[in-house]
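The values are calculated or read from the model by the stated rules, or taken from the named source; none is laboratory data. Here the structure is a predicted model, which means the values were calculated and not measured. Cβ coordinates were reconstructed from backbone atoms using ideal geometry, including for glycine residues, and neighbour counts include every protein chain displayed. We work out accessible area using only protein heavy atoms, side chains counted, and drop any ligands, DNA or RNA first. Shrake-Rupley method; radii C 1.70, N 1.55, O 1.52, S 1.80 Å.
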Amino acid sequence: MSTPGYRLTPATALLLTIPPVLWAGNAIVGRLVRDAVPPMTLNLIRWSIALAVLLPLGRAALRPGSGVLTNWKRYSMLGLLGVGLYNSLQYLALQSSSPINVTLVASGVPVWMLLVGRLFFGIPVKRRQVAGAVLSIAGVLVVLCRGSLAELAALRLMAGDLYMILATIAWSFYSWLLMQQKDVPALRADWAAFLLAQVGFGVLWSGALAGGEWALRDVHIAWSWPLVAALLYVAIGPAIIAMRCWGAGVQRAGPSLGAFFINLTPLFTALLSSAFLGEAPHLYHVLAFGMIVGGIAVSAR
């Protein structure tokens, strides 16, 4: 399956497969360190490290004429939605929900993309897309009710599930705003500078959220070398390397084909959960994943 003008070579497939692996690892690490560092603080530390790494790579964003300061409201909103809210809510979700559940609920992003695009950006929705959305929503419901008809009748959402739904809505708004061509072309073409513009504001928002966390609870970080390694991983792997590979892969294969690779994340999460957390996937996880991917496939045709 390919899009005219694009090619899916083995090298491109590898580029598009690396991000789901790293994003799955992010969910696993977020679960592993949940008792060592609070979620908002974890997000702040993660993106502060990423900011330090990006500064020399994306220094073009700091030059006069880059458009970052003149268009600060746009990058501030992108930073809030994509860096501040989405990642903070994901780590908060991992406090009470499993990585498999979190990534499966996150697979419903295309559904929220349709709704947000139609309601807030005036993007028309086709019947096939509605059919796909219904199928994907059904898959998310299977996750939320843990595959039990009894629980579906008296659905009791875990806090983590609700947080992840909010995170996917934030990511949907972020994605639509990201697609708007309101950037200086040179900045948009420089992946590191473009990401730095968002992360710079995102760190400020993350700091505000972490400040609220510190005001509401007694924050304690259980520092250790494994925690340091985990922080370096989530800052460099899922945040920087994944974004770089994803951007390069989508340029080669096209966004429609690239979107299918996102849904590899729950599969990799299930494998990693079984290996590192002892949380074996259940049959309803397999069913839900099939429904979500099937819905997206129907919508994308």
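Of a type outside the set (A, V, I, L, M, F, W, C) and modelled with pLDDT of 95 or more: does that describe residue 19? For residue 19, the condition - of a type outside the set (A, V, I, L, M, F, W, C) and modelled with pLDDT of 95 or more - is not met. For the stretch 134-160: of the residues being modelled with pLDDT under 75, small (Gly, Ala, Ser) and part of a helix (DSSP H, G or I), which is nearest to residue 90 (Cα to Cα)? For the stretch 134-160, the residue satisfying everything is 136. Residues in the stretch 57-73 that are open to solvent by less than 100 Å² (accessible area, probe 1.4 Å), assigned to a loop (DSSP other than H, G, I, E, B) and aliphatic (A, V, I, L, M): 68 only.
If you take the residues in the stretch 24-55 that are among the β-branched types (Val, Ile, Thr) and in a helix (DSSP H, G or I), which one is farthest from residue 271 (Cα to Cα)? Checking each candidate, the answer is 53. If you go through the stretch 117-133 one residue at a time, do you hit one that is among the polar types (S, T, N, Q), in contact with a Gly (Cβ under 6 Å, 6 or more places away or on another chain) and more than 22 Å from residue 239 (Cβ to Cβ)? No, that holds for no residue. Select from the stretch 181-239 the residues that are surrounded by 18 or more Cβ atoms within 10 Å (Cβ to Cβ) and among the polar types (S, T, N, Q) and list them in ascending order. If the condition is that a residue be surrounded by 18 or more Cβ atoms within 10 Å (Cβ to Cβ) and among the polar types (S, T, N, Q), then 198, 206 are the ones that fit.
Restricting 8, 42 to those that are touching a residue at least 24 places away in the same chain (Cβ under 8 Å) and surrounded by fewer than 23 Cβ atoms within 10 Å (Cβ to Cβ) reduces the list to 8.
The set of residues from the stretch 84-102 being in a helix (DSSP H, G or I), open to solvent by less than 10 Å² (accessible area, probe 1.4 Å) and either at pLDDT below 85 or of a type in the set (A, V, I, L, M, F, W, C) (or both) comprises 93, 100, 101, 102.
Evaluation of residue 214 against the conditions (1) assigned to a helix (DSSP H, G or I); (2) over 19 Å from residue 84 (Cβ atoms) shows that the sole unmet condition is (2).
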